[in-house]
Protein chains: 2
Amino acid sequence: MLSKSQIKYIQSLGHKKFRDQERAFIVEGPKMVREMLNSPNTRPIHIYAVAEFTDAVIGDHLLTRIREPELERISSLVTPNQVLAVFEKPGFPPPQWTNSISLLLDGIQDPGNLGTIVRIADWFGIPQVVCSSSTSDIFNAKAVQATMGSISRVHVLYEEPETLIRKYPELPAYAAVLDGRNLYHMERVHRGMIVIGNESRGIRGELLKLVAHPVTIPRIGQAESLNAAVAAGIILSHLVPGG
Amino acid sequence: MLSKSQIKYIQSLGHKKFRDQERAFIVEGPKMVREMLNSPNTRPIHIYAVAEFTDAVIGDHLLTRIREPELERISSLVTPNQVLAVFEKPGFPPPQWTNSISLLLDGIQDPGNLGTIVRIADWFGIPQVVCSSSTSDIFNAKAVQATMGSISRVHVLYEEPETLIRKYPELPAYAAVLDGRNLYHMERVHRGMIVIGNESRGIRGELLKLVAHPVTIPRIGQAESLNAAVAAGIILSHLVPGG
């Protein structure tokens, strides 16, 4: 049974300001909640679940049994799915910038695109994704769900990409643009930074000036552009070490 | 000014059955509507637009001027944008299967993914996308908008992928799977078929049996899978002729 204050608390977590203040965010669905419960980087604050969801590792003090209509009331999914959990924001050790590849996002607006990019980073073993202040919040419910659990493995930080590029001039910096060098002619790298820009405006000029290697995915047909997450996936598949 | 029967007609086009019967579908927003108006493959049936939208090529008999609240009533976008147009479904010459690369979709469920895949096909110059009957409808409003106009350039057909693979045994067939050959070791091709499977279940076993080249995007990290559109983009970038 849900109390009024629980409902109010969960609804507040729909707002970035409250998520930042509480250092908490929401995860939904049994698959992703279980994955987060098993991650060393995330700690549950409270779980709201219907009877079908059973998990031995959750202590009673963390669990509130609810009914389907109650789940529907607090869920932000079109099809609510067994469980909604509140987690502490994940904790990670400081990034090893000079030993790894980082993905730098300049103004990714769509939370679904942002979450998908974090999932792609996880697939390619990219340990950190750095977001400009103009990028949307990774703890937005849609972004979290789109990560499919990768939010517990990839360190997502908010810091201006130009600060980082200026701080590590020895690291090669790449950027996805429409008139750069042919991506297929680039060598794979073990360390560096890869910048992905806003869905419609691309990368800001002042940031692009700092990037030594603007690269382009060769276009054969006539589409004006590619979705930002698709472009990120293609670029990583050509630049990161192969299997 | 919108009539009741116009509103009813536009709303009916939200249903696949009615779209099939009328051979018509809806496109929204000035950029995409203009692109469709300029395409040789698509013909407008009627345009509903607010005063900001002006286009010299539309005859008066095709245009109904409406006000913002009327556009909001008929639009399926979160932010309605100047114009909603009804178009005839595009017409294309029969595919040249043996001279080109085709993308075959086995049960892509999400209309946004489907539209994004058609946009990717357009970028890489893939002339046709073949959808299994279990794939969602490309003329669904969300799918149309996700193509960003590529629906007027890429021929999307509904036919079972296995029928096509059996019909052209001389064409190399590739499929995106989790345990195939390393994509990065494959040669680029000028003709063939590439199968992309359902977002969670992948490709059906009976279809996969017909595919000579199952390929895998090497995974370095821990994400369980990649989004279907992202996987399609990565595979095309490694298999189609480079720029």
> Which values of log₁₀ I(q)/I(0), to two decimal places, follow from the Debye formula for chain A at q = 0.09, 0.13 Å⁻¹ with a uniform point scatterer at every Cα?
Replying inline: -0.43, -0.80
> From the square roots a ≥ b ≥ c of the eigenvalues of the alpha-carbon gyration tensor of region B:126-206, which class results: rounded (a/c under 1.5), prolate (a/b over b/c), or oblate?
Replying inline: prolate
>> Could you sort the peptides B:61-74, B:118-131, A:20-33 by per-residue average Cβ neighbour count (10 Å cutoff), highest mean leading?
In response: B:118-131, A:20-33, B:61-74
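If I take all pairs of Cα atoms in region B:68-134, what percentage of them are more than 14 Å from each other?
Roughly 71 percent, once rounded to a whole number.
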> Each residue of region A:168-178 in turn: what ³J(HN,Hα) in whole Hz from Karplus with 6.51, -1.76, 1.60 and θ = phi - 60°, glycine and Pro shown as x?
Replying inline: 10, x, 7, 8, x, 10, 10, 8, 7, 9, 8
>> So for region B:1-114, considering every pair of alpha-carbon atoms, how many percent are separated by more than 25 Å?
In response: 28
> Using alpha-carbon pairs under 8 Å, 6+ residues apart, how would you state the relative contact order of chain B in percent?
Replying inline: 19
> How big is the protein assembly as shown on each of its three principal axes, counting only the C-alpha atoms and giving the largest first in Å?
Replying inline: 65, 54, 51
> Can you give the convex hull volume of the alpha carbon atoms of region A:169-243 per residue, in Å³?
Replying inline: 94
>> Take A:ARG65 and A:GLN222, extend 7 Å from each Cα along the Cα→Cβ direction, and tell me the distance between the two endpoints in nm.
In response: 6.2
>> 7 Å along Cα→Cβ for the label point: how many nanometres lie between A:VAL189 and each equivalent label in the other copies, listed shortest first?
In response: 3.2
> What distance in nm separates the simple spin-label points at A:GLN11 and B:PHE92, each placed 7 Å from Cα in the Cβ direction?
Replying inline: 4.8
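Taking each residue of A:115-122 in turn, how many C-beta atoms of other protein chains fall within 10 Å of its C-beta, and what is the average? Each step should come with its number before you reach the end.
On the way: counts 1, 4, 2, 1, 7, 7, 2, 7.
Mean partner-chain Cβ count within 10 Å for A:115-122: 4.
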> Non-local amide H neighbours of A:GLY192 (under 5 Å, H modeled in plane, Pro and chain starts lacking H): which ones?
Replying inline: A:SER100, A:ILE101, A:SER102
> Roughly how many whole Å is it from the C-alpha centroid of region A:59-107 to that of region B:180-243?
Replying inline: 30
> Separation between the A:THR79 and A:ASN99 pseudo-spin-labels, each 7 Å from Cα along Cα→Cβ, expressed in nm?
Replying inline: 4.3
> Considering only DSSP beta bridges with both partners in chain A, what is the antiparallel share in %, to the nearest 5?
Replying inline: 30
> Based on Cβ point charges of +1 for Lys and Arg and -1 for Asp and Glu, what charge dipole magnitude is obtained for the protein assembly as shown about its Cα centre, in debye rounded to the nearest 20?
Replying inline: 80
> If you take the square roots of the eigenvalues of the alpha-carbon gyration tensor of region A:1-44 and sort them as a ≥ b ≥ c, do you get rounded (a/c under 1.5), prolate (a/b over b/c) or oblate?
Replying inline: oblate
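Bear in mind these aren't lab numbers, they're just calculated from the coordinates by the rules spelled out. Everything numeric in this text was worked out from a predicted model, so none of it was measured. Backbone-built Cβ (ideal geometry, glycine too); neighbour counts: all protein chains shown.
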